[in-house]
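One structure is given below, encoded as structure tokens.
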There are 2 protein chains.
Amino acid sequence: MSKPIGDPARVVPDLVDALVRSDRRLARIDGHNVVLRVDPSPPADDRVALISGGGPGHEPAHAGYVGAGMLTAAVLGEVFTSPSVDAVLAAIRAVTGAAGCLLIVKNYTGDRLNFGLAAQIARAEGLNVEMVLVDDDAATGGGSRVGARGLAGTVLVHKIAGAAATTGATLAEAQAVAERAISGLSTMGVALSPCILPGAAAANFTLPRDEVEFGLGIHGEQGVSREGVAPVAELVGRLVNGILASGRVSVSGGPVVAMVNGWAGRPQWNWGWSPVRCSPGWSPLESKCAGWR
Amino acid sequence: MSKPIGDPARVVPDLVDALVRSDRRLARIDGHNVVLRVDPSPPADDRVALISGGGPGHEPAHAGYVGAGMLTAAVLGEVFTSPSVDAVLAAIRAVTGAAGCLLIVKNYTGDRLNFGLAAQIARAEGLNVEMVLVDDDAATGGGSRVGARGLAGTVLVHKIAGAAATTGATLAEAQAVAERAISGLSTMGVALSPCILPGAAAANFTLPRDEVEFGLGIHGEQGVSREGVAPVAELVGRLVNGILASGRVSVSGGPVVAMVNGWAGRPQWNWGWSPVRCSPGWSPLESKCAGWR
């Protein structure tokens, strides 16, 4: 699959430049691939700041969610690579006021390490920083030592914690709301083709045209099972079964938010060709986040 | 390029079902692939209704732009095929109140014919209906009898005419505003690969991996020139030159809205990897539509 890019070595700084040039409510921190909200400019002493990030390649997550009601800043590493401790620390220093700062981090060794170290340094400087780890990947980590990795459900944590911060939650309250959201999140992916990194000569794995890959990794790693291609309703059924098997989501426990995305490579409407068939009580694509308290 | 779909023969009704099931502010007209706004329900006697449509395959245009401030209804045919006169007429009858209705139609023989016939029948029934034709394709039709075809610039006409209708313009005013917008629109496309229709065995044309196709048609027809692949900034430069050559857009005549899209097959952020380099006075991605009057 081809994609129009510029210099493969500059895709991340070019991405940040393009974003901040296209929206005057955003800015970057000089010398870092950090996108900041500037309308209003942080730090806001009476509001908890929210920072997320990681290796880009999952756009619009996370830089595209910097703005009113969601993130205060996003920290980007190289493609599919954790940002440096320095970059995370620069973001924390830029946005953290008296109300403190919550780091929303996908559970991935590099991100845990670098966001965690930056948080420790910031605390030693007197800043009030907490971190939550999103581990919504239903295909990986069941019972493993490192746990499941973070996937697209992280965007709902941005939204829910963002609503909490906007309405004046304390850092402890925002953290508790985020953790409650995470405990009810489950995500599973399917791919019709592998991805190719900018500048790379080949994909991470090969996939025959008549097969699909379930549960692939967030960085394009080979998944957990390979099956024959099928109409989208069947593929969605298999995904929903995988999500239900995680035990985190129930079709009888009240409203469920179903978020469908295209791994950053597929437009929203390519999934819209066929309706997602949901059990009673599921509300596809309808946000029920208003009642977060 | 693969895409998850259901029954190829049902992609359009499935698309309409998915859309109206995912947003309670939308509804369909029974028996037709027509998406209607229902919040508030038309017809609104004091507001001009706006209808657009055509053959789907360009999502989110047009059904995705039905909503407050933009379209009142969208009429869909089969993929890349004009809707029937009956479907357009059903939409006109459903939304047209005393303030009348403006049809925003891409210049394409089938659409001109079917929207035009439906407008004539509606007028004979006493409804106040006008039609504008969008002809922004910079690559086709210069001096030809049928004129240039309509492309993605149509979305800006939805936005501008939608602002006019929302703020109480008469039908004649909304039509004049739309026509003024159209006269300043110019669009050019480039493709890294051809498209394949749902259920089709092959693409309309073949393209070597190291070439790109400029000025291809809105229904995936072969374009006007084929050139070597290049970094995105060069590709964008060639597109901007094609747009300027149309004579409709000037870099010295005041603010210009630059809208970048992915032919419905490429996510917005795949174009965000590299900033669009604009001449002074150009404001990429910033809407200047507020001053439409």
> If only one of B:Ala200, B:Ala124 is loosely packed, with under 15 Cβ neighbours inside 10 Å, assigned by TED's automatic domain parsing to the domain that holds B:Lys106 and closer than 28 Å to B:Ala87 by Cα, which one is it?
Replying inline: B:Ala124
>> I'm trying to understand the selection: among the residues of region B:98-125, which are outside any helix (DSSP H, G or I), farther than 17 Å from B:Thr170 by Cβ and without any contact (Cβ under 8 Å) to a residue 60 or more places away in the chain?
In response: B:Val105, B:Asn107, B:Glu125
>> Every residue in region B:8-26 that is of a type outside the set (Val, Ile, Thr) and either more than 7 Å from chain A (Cβ to nearest Cβ) or farther than 24 Å from A:Gly189 by Cα (or both), please.
In response: B:Pro8, B:Ala9, B:Arg10, B:Pro13, B:Asp23, B:Arg24, B:Arg25, B:Leu26
> Counting only residues that are assigned to a strand (DSSP E or B) and not acidic (Asp, Glu), which one in region B:126-167 is nearest to the chain's Cα centre (by Cα)?
Replying inline: B:Val134
>> Can you confirm whether A:Val132 is of a type in the set (A, V, I, L, M), closer than 28 Å to A:Val256 by Cα and without any contact (Cβ under 8 Å) to a residue 60 or more places away in the chain?
In response: yes
> Take the residues of region A:206-221 that are touching a residue at least 24 places away in the same chain (Cβ under 8 Å) and either surrounded by fewer than 17 Cβ atoms within 10 Å (Cβ to Cβ) or of a type outside the set (A, V, I, L, M) (or both): which is farthest from A:Glu59 (Cα to Cα)?
Replying inline: A:Phe214
>> Of the residues A:Val236, A:Val240, A:Val257, A:Val177, only one is outside any loop (DSSP other than H, G, I, E, B) and modelled with pLDDT of 90 or more; which?
In response: A:Val177
> Does A:Pro56 satisfy the criteria of being of a type outside the set (A, V, I, L, M, F, W, C), within 14 Å of chain B (Cβ to nearest Cβ) and either free of Cβ contacts under 8 Å to residues at least 60 places away in the same chain or in a loop (DSSP other than H, G, I, E, B) (or both)?
Replying inline: yes
>> Checking the structure you have, find out if any residue of region B:32-46 is free of Cβ contacts under 8 Å to residues at least 60 places away in the same chain, closer than 17 Å to B:Val134 by Cβ, crowded, with 17+ Cβ neighbours inside 10 Å and of a type outside the set (D, E, K, R).
In response: no
> Is it the case that region A:206-229 has a residue that's assigned to a helix (DSSP H, G or I) and under 17 Å from A:Phe80 (Cβ atoms)?
Replying inline: no
>> What's the total number of residues in region B:94-128 that are touching a helix residue (DSSP H, G or I) at 6+ places or on another chain (Cβ under 8 Å), closer than 22 Å to B:Ala61 by Cα and not hydroxyl-bearing (Ser, Thr, Tyr)?
In response: 10
>> Kindly evaluate A:Val157 against the criterion of being away from chain B (no Cβ under 14 Å) and crowded, with 17+ Cβ neighbours inside 10 Å.
In response: yes
> Hey, any hits in region A:66-81 for a residue that's within 11 Å of another protein chain (Cβ to nearest Cβ), surrounded by fewer than 24 Cβ atoms within 10 Å (Cβ to Cβ) and either outside any strand (DSSP E or B) or touching a residue at least 60 places away in the same chain (Cβ under 8 Å) (or both)?
Replying inline: yes
> Which members of region B:137-154 meet the condition of being over 25 Å from B:Ile92 (Cα atoms) and surrounded by 24 or more Cβ atoms within 10 Å (Cβ to Cβ)?
Replying inline: B:Asp137, B:Ala138, B:Ala139
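Answer yes if at least one residue in region B:32-51 is assigned to a strand (DSSP E or B), within 21 Å of the chain's Cα centre (by Cα) and within 14 Å of chain A (Cβ to nearest Cβ), and no otherwise.
Yes; the residues of region B:32-51 include at least one that is assigned to a strand (DSSP E or B), within 21 Å of the chain's Cα centre (by Cα) and within 14 Å of chain A (Cβ to nearest Cβ).
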> Within region B:265-283, is even one residue at the interface with chain A (Cβ under 9 Å from one of its Cβ atoms) and modelled with pLDDT of 75 or more?
Replying inline: no
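The values are calculated or read from the model by the stated rules, or taken from the named source; none is laboratory data. Computed from a predicted model, the values in this text were never measured in an experiment. Positions of Cβ are backbone-derived with ideal geometry, glycine not excepted, and every protein chain shown enters the neighbour counts.
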